[in-house]
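Q: My structure is below; once you've seen it, I'll send some questions.
The values are calculated or read from the model by the stated rules, or taken from the named source; none is laboratory data. Because the structure is predicted, anything quoted here is derived from the model rather than measured. With ideal geometry, Cβ positions are generated from the backbone for all residues, glycine too; neighbour counts draw on all protein chains shown. Protein only, heavy atoms only, side chains kept; ligands, DNA and RNA dropped before computing areas. Shrake-Rupley method; radii C 1.70, N 1.55, O 1.52, S 1.80 Å.
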Amino acid sequence: VPSTLRGAFIACGELATYDQSKVEIKSRFGVQEGALLHVGASLITGVVATTLAAPFDLIKTRAMNAHSSASTLDIFRAALREESPRALLRGWVPAYLRLGPHALICLPLFEQMRAFVGADFI
């Protein structure tokens, strides 16, 4: 369950954040469509995706290391009760070092492929 939720939150976070970041960067900073816009939106997307995935990474790791059959919700509650909400972001930097470059490579590449096939309307 934690892996499925993690994947869903990363996908939703990346897709929604990338497009909204492009809109905001264009309107607030006047950046036109191009590499600078795509890189900026990708960096923001990596931060959001990492932040959304972090709690599920923590829960998944603890579930795999648990010697009991605690549920996902039990692990989540224990982390909040025994530590603090900040515990849910433990491991954020290593996760960003993985997800950040992924967004930085994949999303601008997607933009280039979209332009190549003439699907600028998407």
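Q: Among the numbered criteria (1) modelled with pLDDT of 90 or more; (2) over 15 Å from the mean Cα position of the chain (by Cα); (3) acidic (Asp, Glu), which one does ASP120 miss?
A: ASP120 satisfies every listed condition except (1).
Q: Same structure again: Being more than 21 Å from GLN20 (Cβ to Cβ), of a type in the set (A, V, I, L, M, F, W, C) and free of Cβ contacts under 8 Å to residues at least 60 places away in the same chain narrows it down to one residue among ALA54, ALA70, ALA119; which is it?
A: Among ALA54, ALA70, ALA119, only ALA70 is more than 21 Å from GLN20 (Cβ to Cβ), of a type in the set (A, V, I, L, M, F, W, C) and free of Cβ contacts under 8 Å to residues at least 60 places away in the same chain.
Q: Mind listing whichever residues of the range 1-22 are over 12 Å from the mean Cα position of the chain (by Cα), modelled with pLDDT of 90 or more and crowded, with 18+ Cβ neighbours inside 10 Å?
A: SER21, LYS22
Q: Quick one: how many residues across the range 23-42 are closer than 18 Å to ALA115 by Cβ and surrounded by fewer than 10 Cβ atoms within 10 Å (Cβ to Cβ)?
A: Total satisfying the criteria: 1.
Q: Ok, one more. Are any residues in the range 89-122 open to solvent by 20 Å² or more (accessible area, probe 1.4 Å), in contact with a helix residue (DSSP H, G or I) (Cβ under 7 Å, 6 or more places away or on another chain) and of a type in the set (A, V, I, L, M, F, W, C), and if so, which ones?
A: Residues of the range 89-122 open to solvent by 20 Å² or more (accessible area, probe 1.4 Å): 89-94, 96-98, 101-102, 104-110, 112-118, 120-122.
Applying the additional criterion that residues be in contact with a helix residue (DSSP H, G or I) (Cβ under 7 Å, 6 or more places away or on another chain) yields 89-92, 96, 104, 107-108, 120, 122.
Result: LEU89, TRP92, LEU104, LEU107, ILE122.
Q: If you don't mind, another one. What's the number of the condition SER42 fails, among (1) over 25 Å from THR4 (Cβ atoms); (2) modelled with pLDDT of 95 or more?
A: It is condition (1) that SER42 fails.
Q: So in the range 43-82, with the set limited to residues that are open to solvent by less than 20 Å² (accessible area, probe 1.4 Å) and under 27 Å from LEU15 (Cβ atoms), which one is nearest to the chain's Cα centre (by Cα)?
A: By that ranking, first place goes to ALA49.
Q: A further question follows. Would you confirm whether or not the range 78-88 contains a residue that is touching a residue at least 40 places away in the same chain (Cβ under 8 Å) and either in contact with a helix residue (DSSP H, G or I) (Cβ under 7 Å, 6 or more places away or on another chain) or on the phi < 0 side of the Ramachandran plot (or both)?
A: If we filter the range 78-88 for residues that are touching a residue at least 40 places away in the same chain (Cβ under 8 Å), which is where we start, we get none.
No; the residues of the range 78-88 include none that is touching a residue at least 40 places away in the same chain (Cβ under 8 Å) and either in contact with a helix residue (DSSP H, G or I) (Cβ under 7 Å, 6 or more places away or on another chain) or on the phi < 0 side of the Ramachandran plot (or both).
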